[in-house]
Amino acid sequence: MDQPASLAIDCLSHGFGTKPVLHDVQLRILRGQIVALVGPSGCGKSTLLRAIVGTHLPRQGTVTVFSGNSHLTGHVVEGPGRDRGIVYQHYSLFPFLTAVENVAFGLMLDQTNISYRLFKFPRWLKRRAEHLKQAREFLDRVGLGSAASLYPSEMSGGMCQRVAVAQALIMKPALLLLDEPFGALDEAMREELQRMLLGLYQENLAARRKGELEPHTMFIVTHELNEALYVGDRVVGLSQYWDWRQAGHAQPPGATVVYDCSAPIFEPDDTRDFSCFAGQREEIRDVVFNPDSAYPREKHLRYWQELEQQREAEPAP
Amino acid sequence: MIGEPIARVWHVTLGIGAVLLLLIAYTILSMRQHRENPDDKTIPSWSQLSEGVKKSVEVNQRSNERWVVADAQATSLRLFWGVFWGVSGSLLIGMLMGCFAFVEAFLYPPLAFLAKIPPIALLAVFFVLAGTGETMYVTMIAFGVLPTLAQTVYLAVKEVPAELRYKAYTLGASHLEIIWNVLLRHVLPKLIDAIRLQIGPAMVYLIAAEMVVGDVGFGYRIRLQFKLLNMSVVYPYIVVLGAFGFGIDYALRKLQAFVSPWYAKGY
Amino acid sequence: MGRIIIFAVCAAALAQTAFAAKPPVFSLAWSEYPSWSAFGVCHETGLINGAAGKLGSIEEKWGVDIELKEAEYDPCIAMYGAGQTDAVCITNMDVLNASLSRPGVAILATSTSYGADACIVSSAIADVKDLKGKKVRGLALSVSEYCFARNLQILGEDPAEYTFVNMDPGAAALAMQQKQADFDAIVVWNPFVLDTLNQRKDCHVLFDSSSIPNEIIDMVVMSESALQKPKGKEFASAVADAFYALNKRMADATTRDDTLIALGEKFSNLDLQSMRKVVQQTKFYATPEEATKLFDSAELKDTMTKVVDFCVKMEIVAKKPVVAFGAGATGNLVFDPAYIAAAAAKP
Ligand SMILES: Nc1ncnc2c1ncn2[C@@H]1O[C@H](COP(=O)(O)OP(=O)(O)OP(=O)(O)O)[C@@H](O)[C@H]1O
Ligand SMILES: [Mg+2]
């Protein structure tokens, strides 16, 4: 079965004032993928993510999101919506809600409105109980069942980020966006959370085996190459370093996608052996992060070819 | 060493000690004054004070009321309604300013300016604009506390990280829900803090106004009894006023802990 | 060494003589009111130097140092009650309560209200009976309320049927001028009486204190104990002397207007014309004879009985103060014309 697309970015360009930041970004993400986005600091990763969330629309180009329960339909992003979840590095949680309330918050906002909660209070209470129960289940899934009644200020950074992931997941978003979600965490905590994401990827694989729609599609920004290769099944490099002169620009036109390849797939319990992708890491360093490199922008976009080869290799079900 | 904590026993002992010291100092002062003039009423002795207290709490022959009860009722009602309208107005204005840039641009300059004027200086203006009845007290307190509170609300709204708003939108919030379920929740504890700080000034305006135009209330009684040199009534009234303010502050702290438990936990 | 001792002794002796030569300081607290502002004008004209340690011509004449303390009326009373001033400008009614804790002597009568306290009503009220059920606003337990009650009594009305509501006279006058709702009657004193009548031509005076002349008396009261101090009596005489000296300036056609303007300057923003009216309504006891006549009159005894009774009834005083008359009499409040006479005798 062909994987349907979850996100399509077409000809997206953006800038601040006269300063160009993103140039003609093209990207297509398939349902069930964990795509890691890497790039030099300041190249526009967060800007791209904001364009996808819809809080800051791009100057040019469109972002199309494909969402739905069984049948995916696409719509062009014009603002933030409930089909895209976001986990920020900071301020991920509402400080005035406990962990479980934070997770249930989306259910409340999505399924009820203020007048319902005020004027149909008894009914709302019943509904609320269901929400909290469901939220507790999600907390359990990220391993925080016991922290349900803690406020964000009472939790560690790692716990907060897990709650934030649960908070986003409960909405069953078509696309989960994460902007350096583990950037502020220590190594051990980071590793745990990476395993958690890998666990979610396993759920995708299980669904695919059953011929169902994969539940989680993630687009994760990170400045850690190892993390990108370890967590993602595909790594996309965004960079302002490419041969824009050859392409006919007098001034640097901004960052664009210069790297797009599949990445090794790990299972949560596998030993974390980063040496196996040392070569790929060096390649990314050279293509994406090296200010002196000037490769044609299409040169390292191998992902779709690789996917083709992989499908041919796979026996038809 | 600076900043060293002390044992709880010491806390309590020192606290009681300070109060005792105050009482002793007063007793000495009063005794000295009475040695000079046995009939003195300005620094009443303890027995004179108890007379004064009796006078304040007993049913008065002429008015058929207990002074403290009548005054406390009048003053607290005025204060309540004044603060109530002040808070309601400031929430509305502060929220609008925090949410809409054009309201912000329109209202910020006058508000910042008004917040700097001590309303006591506006007393005369309020007499002229709001009359001298009960509405005057309410208007005065409301307008007195409004600029500062509105600024507090506005700044608190501005302080809410944009990420939280975006996040709420991705969770399916409507604009109204952003205000009601995100911004308001954020603002409430800070607003209560600000109210706690504004109760003092509000009392100042109220007492000052009652001194001038009141016919019942703490300010009225204190001025009248002061003119009659009945300091034995004035001092207990001042103590009651202190307790009154203390009680309000305590109640507000409890309210804050109730509506915003997260805030106390070191947000 | 010897020289140092001699020097020290000399210095001490010098200090001693300087100290001895310095006249004793007595303080007088006053608030802005036509006949009391006289003391402020005395300071401006150099008759008195209100600062402690400096002497005006009258202070030199009597060998006392008068310190003037200006404050609002209420704080003046409190200052006197707390013993922070030796003498105070006060009315014959307000002094009663203070005299219970600090016996005093009325050393000088400066003026009497003769229309300066008035009940001003809107055109809706033609007769005193119309006031029933309406709120009459003014400063409670003050001469305003006294004036109100006394006039009702004269008109044969029962004060119990009328409601007198407390309000600062300034605020009441302002509210009346604004025609605020439910404002039909106020009892205030000058300058608010003239001011209100000027601003609202549709208002009129229902009654005023001219019906009770010599009952509301503005005076200077000195505490008994201060009077007994050395030079205390000279101070009392000096105060009276200064007051009459100023009255002479007012009687003199060449200085009259200047003095009037000076008197009215801080009192209110009334013009010269109105100030002339003010001093009519606040009738000065301009000469020693007038004041002595008042102090010796049987009428004053009668008045004080009425005032005391009113104060007792209104619970302004906790117990009845003893009011006595004439030199050598004893009581909480003594009206003693001796110092007025002394001032008159030493021109
Ligand atoms: N609001 C803004 N106004 C002006 N310039 C901006 C704004 N936001 C971002 N930029 C600029 O756009 C560029 C891209 O910013 P962005 O935050 O997307 O980078 P990034 O790739 O996420 O960097 P990092 O890895 O450090 O997070 C930067 O050069 C930044 O200075
Ligand atoms: Mg970023």
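The values are calculated or read from the model by the stated rules, or taken from the named source; none is laboratory data. Keep in mind the model is a prediction, meaning the values are calculated, not measured. Because the Cβ atoms are built from the backbone with ideal geometry, glycine has one as well, and the counts that use them run over all protein chains shown. With ligands, DNA and RNA removed, areas are computed over all heavy atoms of the protein, side chains included. Shrake-Rupley method; radii C 1.70, N 1.55, O 1.52, S 1.80 Å.
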Chain C, dipole about Cα centre (Lys/Arg Cβ +1, Asp/Glu Cβ -1), debye to the nearest 20: 660
With all protein chains modelled, accessible area of B:I93 [1.4 Å, Å²]: 40
Average accessible surface area per residue within the range B:53-264, 1.4 Å rolling probe, Å²: 45
Prolate/oblate/rounded label for the protein assembly as shown (Cα gyration tensor, a/c 1.5): prolate
Cα-centred dipole magnitude for the protein assembly as shown, charges only on beta-carbon of K, R (+1) and D, E (-1), debye, nearest 20: 880
Probe 1.4 Å - accessible area at C:L227, Å² to nearest ten: 10
Backbone N within the range C:303-344 under 15 Å of label point (7 Å from B:N60 Cα along the Cβ vector): C:312-318
Mean ellipticity per residue at 222 nm, deg cm²/dmol - from DSSP H runs of n ≥ 4 across the protein assembly as shown, formula -39500 (n - 2.57): -16500 deg cm²/dmol
Rounded if a/c under 1.5, otherwise prolate or oblate - the range C:117-211, Cα gyration tensor axes: rounded
Length gained when the stretch C:K179-C:I261 is fully extended (0.36 nm per residue, less Cα-Cα span): 26.5 nm
Within the accessible area of chain C (1.4 Å probe), percent carbon and sulfur: 56
Under 22 Å from the Cα of A:K210 - lysines, other chains or at least 8 residues apart: A:K172
Filtered trypsin sites (Lys or Arg not before Pro), the range A:138-242: DSSP coil and at most 16 other beta carbons within 10 Å: A:K210
Low-density loop cleavage sites - trypsin sites (Lys or Arg not before Pro) in the range C:240-347, where at most 15 other Cβ are within 10 Å (DSSP): C:K266, C:K319
B:W262, A:W304, reordered so the largest accessible area comes first (probe 1.4 Å): A:W304, B:W262
Förster radius 41 Å - calculated FRET efficiency between B:V69 and B:L20, Cβ distance, rounded to 0.05: 0.85
Eligible aspartates and glutamates near A:K299 by straight Cα distance, threshold 18 Å, same-chain separation 8 or greater: A:D24, A:D243, A:D260, A:E282, A:E283, A:D286, A:E308
Residue pairs, from the table B:K54/C:K319; B:K41/C:K319; B:K227/C:K229, whose Cα atoms sit over 19 Å apart: B:K227/C:K229
Beta bridge orientation in chain C: antiparallel %, DSSP, nearest 5: 55
Three-way shape call for chain A based on the alpha-carbon gyration tensor, with the a/c threshold at 1.5: prolate
DSSP H segments from chain C that extend 27 Å or more along their own axis, Cα-based, with Kyte-Doolittle mean of 1.0 or above: C:2-21
Ranking by accessible area, most exposed first, for B:I179, B:I16 with a 1.4 Å probe: B:I16, B:I179
Quotient of Cα Rg and 2.2 N^0.38 Å for the range B:123-248, N being how many residues it contains: 1.47
Restricting the range A:1-86 to trypsin sites (Lys or Arg not before Pro) in coil, as DSSP defines it, with at most 14 other Cβ within 10 Å: A:R59
Accessible surface of B:H186 - all protein chains present, 1.4 Å probe, nearest 10 Å²: 0
Whole-number accessible area per residue in Å² for chain A, which is evaluated in the context of all protein chains at 1.4 Å: 44
Nearest-20 debye value, chain B charge dipole, Cβ charges on Lys, Arg, Asp, Glu: 280
Solvent-accessible ranking of A:E306, A:E298, B:E177, largest area first, probe 1.4 Å: A:E298, A:E306, B:E177
Percentage relative contact order, the range B:53-264, counting C-alpha pairs under 8 Å, at least six apart: 25
